[in-house]
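Everything below concerns the one structure shown next.
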Amino acid sequence: MTVVSSKEFATKPARYYNLAVNEPVVIKRGNNMFHLMYKPVEKPKERVYFEPDDDFYRSISVDEFRERAREVVKAAYKRYKNESDNFTGSP
């Protein structure tokens, strides 16, 4: 096992990455110690495609969403306007 300071690791990271392939490397920073581990990553063999489900077919376009949202905001504004017009101001 190789123990190295964080400063030394920062100056020569490639050296310690290569060393971690064959043996454990520990980076020491103050009272903390971090293990540098080597684990090869396998590439996926093939892409996975999902078929559309019911949620996909219920989806709406951006333009349709914008129009529906506009109607909701207009209705909320009318309710607010009517409530504020009917407010007398006295408790």
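Note down the net charge around residue 23, summing +1 for each Lys or Arg and -1 for each Asp or Glu among other residues with Cβ under 15 Å from its Cβ.
+2
Here are some values of Cα extents along the principal axes in Å: (1) 46, 27, 17; (2) 39, 32, 20; (3) 79, 49, 20. Which one was computed from this structure?
Entry (3).
So what's the back-of-envelope 222 nm ellipticity for the chain, counting only DSSP H runs of four-plus at -39500 (n - 2.57) apiece and dividing by all residues, rounded to 500?
Only helices count here, giving -14000 deg cm²/dmol.
Pull up the cross-link candidates among the lysines for residue 12, meaning alpha carbon to alpha carbon under 22 Å and not fewer than 8 places away within one chain.
Of all the lysines, those that pass the test against residue 12 - Cα under 22 Å, at least 8 places apart if same chain - are 28, 39.
Residue by residue through the range 5-18, which ³J(HN,Hα) values in whole Hz follow from phi under the Karplus form 6.51 cos²θ - 1.76 cosθ + 1.60 (θ = phi - 60°), with glycine and proline marked x?
6, 5, 5, 5, 4, 5, 7, 9, x, 4, 4, 7, 4, 5
Using only Cα atoms, find the angle between the long axis of helix 62-85 and the longest principal axis of the chain, and express it within 0 to 90 degrees, rounded to the nearest 10.
50
Residue 26's amide H: which non-local residues (gap 5+, or another chain) put their own amide H closer than 5 Å, with H modeled 1.01 Å from N in plane and none for Pro or chain starts?
Long-range HN contacts for residue 26: 2, 3, 4, 36.
Looking only at GluC sites (Glu not before Pro) in DSSP loops with at most 12 other Cβ atoms within 10 Å, what is the longest site-free stretch of the chain?
With GluC sites (Glu not before Pro) excluded where exposed in loops, the chain gives 47-91 as its longest stretch.
What ³J(HN,Hα) values, in whole Hz, does the Karplus curve 6.51 cos²θ - 1.76 cosθ + 1.60 give for the range 30-41 when θ = phi - 60°, with x put for Gly and Pro?
Once θ is set to phi - 60°, the couplings for the range 30-41 become x, 8, 8, 10, 10, 8, 9, 10, 9, 9, x, 9 Hz.
Taking R0 as 41 Å, what FRET efficiency do you get between residue 79 and residue 53 from their Cβ-Cβ distance, rounded to the nearest 0.05?
Between residue 79 and residue 53 the formula returns 0.65.
For residue 7, what is the net charge nearby, where nearby means another residue's Cβ is under 13 Å from its Cβ and Lys, Arg count +1, Asp, Glu -1?
The answer is +2.
Each value in this text was obtained by applying a stated rule to the coordinates, not by laboratory testing. These figures come from a predicted structure and were not determined experimentally. Note that we place each Cβ from the backbone using ideal geometry, even for glycine, and neighbour counts take in every protein chain shown.
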